[in-house]
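Asks: I'd like to ask you about the structure that follows.
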Amino acid sequence: MDLTLTSEDVAFQNEVREFIAANLPAADRRKMDLTTAFLNEPEIGVEWHKKLAKKGWSVPSWPVELGGPGWSPVQKYIFDSECARAATPVYNAQGSRMVAPVIMHFGNDEQKEKYLPKIVSGEDHWCQGYSEPGSGSDLASLKTSAKKDGDDYIINGQKIWTSFAHRSNRMFALVRTSTTGKRQEGITFILLDMDTPGIEIRPIIGNGGDHEYNEVFFDDVRVPQSGRVGEENKGWDCAKYLLEYERGGAMVAGRVRAQFTQVVRLIHARGLIDDPHIRTRMAEIGADLDTMEMVDIGTLSKLQSGDNPGAMSSMSKMRWSSIRQDVSELALDAAGEDALKWEAARPLYDALQLPPDEEELLAIAPRYLNYRAYTILGGTNEIQATILAKQVLGL
Ligand SMILES: Cc1cc2nc3c(=O)[nH]c(=O)nc-3n(C[C@H](O)[C@H](O)[C@H](O)COP(=O)(O)OP(=O)(O)OC[C@H]3O[C@@H](n4cnc5c(N)ncnc54)[C@H](O)[C@@H]3O)c2cc1C
């Protein structure tokens with residue numbers, strides 16, 4: 001892939017910059033600066049998403065016939081980089097980047113017509129019902145059961161760590177439809193509405209004080225079989241396909257670099273730029289980010305040529321999660337004792353009314369704490385290392 005910008009690319013870059021400047025209000029930028037969780041609240045992102053949808057830019061990786069903009073790989077890269085630089089909100093990534101590729105690949109026409117347009121427009125927000133207590137890394141051991149009853153399934157069981165279940169109207173879930181044979185061959189992939197009777201959501205507050213994830217309980221929840229994607233007991237194929245997108249379907253290096261740039265600004269502001277420890281960490285993170293960008297470009301190239309990300313997604317997930325943690329740790333070092341001040345109310349942007357440099361300090365420790373989760377969510381780094389060892393190194 002040639003990443004040299006042509007004059008058309010530069011014109012496109014300017015168009016994206018102008019669009020962001022005209023459509024992302026300063027208040028939303030502040031909210032993003034004070035977001036300490038790993039995902040921003042959907043409320044921050046929905047208006048932005050709708051503006052993108054109006055422009056035809058809300059699902060950049062999708063095929064044109066389904067609402068994608070038909071960009072070249074370089075244009076896609078430019079768009080992602082500009083959004084990262086401006087820290088634009090992310091909205092419904094579980095929808096556009098996770099369940100949508102599965103619906104496109106395994107879903108029937110009725111499902112494509114029902115679900116995809118509402119992801120493009122921003123009307124739907126999805127959550128992911130994979131993990132259960134005791135079934136995280138060992139996902140195939142999941143127990144939430146779906147038993148056939150007429151045209152429906154009756155679902156019983158529990159999901160956990162379900163990010164933004166409390167803000168989502170739809171869920172894609174893995175359920176057990178058979179207990180005989182190989183564990184993977186008894187799993188079904190199903191789409192359901194979160195307002196279905198029998199679903200109960202209980203919040204889990206993270207160590208940084210934010211409410212992002214939840215327990216979700218199913219008590220005789222009746223879901224139409226028309227929500228099943230692919231064949232019964234073949235959901236493991238959908239699950240694995242989706243995980244590749246979850247781990248590597250987005251260009252994340254730019255977003256991590258934008259946070260790094262903010263921390264470097266803080267380091268300068270606090271007169272720490274000559275501190276040898278800080279300088280060494282800055283150099284290490286800068287080099288890591290350069291290599292991360294190359295991994296992103298490799299993934300982009302695969303996606304644009306119609307491939308799914310493959311084992312590259314595990315490499316990407318391992319690297320960006322660790323570098324993000326490094327950046328949050330550097331911020332903590334730069335803030336020193338000032339990072340110990342704690343504001344408990346969430347979201348921080350509603351709780352605070354301080355000068356920007358004081359507000360910024362209050363986000364550092366919760367973000368550091370929440371970011372411990374990066375090397376766990378979407379499959380832990382130990383699991384990614386095993387995938388790389390098997391699928392790339394052939395060990
Ligand atoms: C912030 C956050 C958001 C999340 N959001 C969602 C969501 O929206 N939907 C959803 O379904 N899930 C979600 N998850 C759950 C996530 O996918 C699981 O936490 C993850 O898969 C790990 O599973 P576990 O927590 O059960 O840990 P375990 O699997 O119990 O792992 C515990 C430790 O043992 C290690 N380990 C386990 N098995 C092996 C092995 N075979 N080899 C080497 N080491 C091993 C792990 O690496 C880890 O260090 C989220 C998690 C977090 C932290």
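The values are calculated or read from the model by the stated rules, or taken from the named source; none is laboratory data. Keep in mind that what you see is a predicted model, and the values were worked out from it rather than measured. Cβ atoms come from the backbone with ideal geometry, glycine included; neighbour counts cover every protein chain shown.
Asks: Whether any residue in the range 79-86 is within 17 Å of CYS127 (Cα to Cα), among the hydrophobic types (A, V, I, L, M, F, W, C) and at pLDDT 90 or above is what I want to check.
Replies: Taking the range 79-86 and keeping what is within 17 Å of CYS127 (Cα to Cα), we get none.
Within the range 79-86, none of the residues are within 17 Å of CYS127 (Cα to Cα), among the hydrophobic types (A, V, I, L, M, F, W, C) and at pLDDT 90 or above.
Asks: For the range 336-382, name all the residues that are farther than 18 Å from MET32 by Cα, more than 16 Å from the ligand (Cβ to nearest atom) and not charged (D, E, K, R).
Replies: Of everything in the range 336-382, those that are farther than 18 Å from MET32 by Cα, more than 16 Å from the ligand (Cβ to nearest atom) and not charged (D, E, K, R) turn out to be GLY336, ALA339, LEU340, TRP342.
Asks: Any residue that is touching a residue at least 40 places away in the same chain (Cβ under 8 Å) and within 11 Å of the ligand (Cβ to nearest atom) - is there at least one of those in the range 180-195?
Replies: There is no residue in the range 180-195 that is touching a residue at least 40 places away in the same chain (Cβ under 8 Å) and within 11 Å of the ligand (Cβ to nearest atom).
Asks: Next question. Enumerate the pairs (first residue in the range 348-364 and among the hydroxyl-bearing types (Ser, Thr, Tyr); second residue anywhere and assigned to a loop (DSSP other than H, G, I, E, B)) with beta-carbon separation below 8 Å, excluding pairs fewer than 6 apart on the same chain, so at least 6 apart or on different chains.
Replies: Short answer, once both residue conditions are applied: TYR349/LEU34; TYR349/THR35.
Asks: When SER321 is evaluated against the numbered criteria (1) hydroxyl-bearing (Ser, Thr, Tyr); (2) touching a residue at least 60 places away in the same chain (Cβ under 8 Å); (3) surrounded by fewer than 19 Cβ atoms within 10 Å (Cβ to Cβ), which criterion, by number, is the only one it fails?
Replies: With respect to (1) hydroxyl-bearing (Ser, Thr, Tyr); (2) touching a residue at least 60 places away in the same chain (Cβ under 8 Å); (3) surrounded by fewer than 19 Cβ atoms within 10 Å (Cβ to Cβ), SER321 is out only on (3).
Asks: Give the range 108-163 a look and list any residue that's away from the ligand (no atom under 11 Å from the Cβ), of a type outside the set (D, E, K, R) and part of a strand (DSSP E or B), or say none.
Replies: Matches in the range 108-163: SER145, ALA146, TYR153, ILE154, ILE155, ASN156, GLY157, GLN158.
Asks: If I filter the range 164-178 down to residues being surrounded by 17 or more Cβ atoms within 10 Å (Cβ to Cβ) and over 20 Å from GLY122 (Cβ atoms), which single residue comes out as farthest from the ligand (Cβ to nearest atom)?
Replies: Checking each candidate, the answer is THR177.
Asks: Could you list all residues from the range 61-91 that are within 15 Å of the chain's Cα centre (by Cα) and either assigned to a loop (DSSP other than H, G, I, E, B) or hydroxyl-bearing (Ser, Thr, Tyr) (or both)?
Replies: SER61, ALA87, THR88, PRO89, VAL90, TYR91
Asks: Here's a follow-up. Test LEU340 against the stated conditions and say whether it is of a type in the set (A, V, I, L, M, F, W, C) and buried (at least 19 other Cβ atoms within 10 Å of the Cβ).
Replies: No, not satisfied.
Asks: Starting from residues that are of a type in the set (Phe, Trp, Tyr) and buried (at least 19 other Cβ atoms within 10 Å of the Cβ), keep the ones in the range 205-240 and report whichever is farthest from PHE172 (Cα to Cα). Quick ask: steps written out before the conclusion?
Replies: Going residue by residue through the range 205-240, those that are of a type in the set (Phe, Trp, Tyr) are 213, 217-218, 236.
The next check asks that each one be buried (at least 19 other Cβ atoms within 10 Å of the Cβ); those that pass are 213, 218, 236.
Details: TYR213: 15, PHE218: 14, TRP236: 13 Å.
This residue is TYR213.
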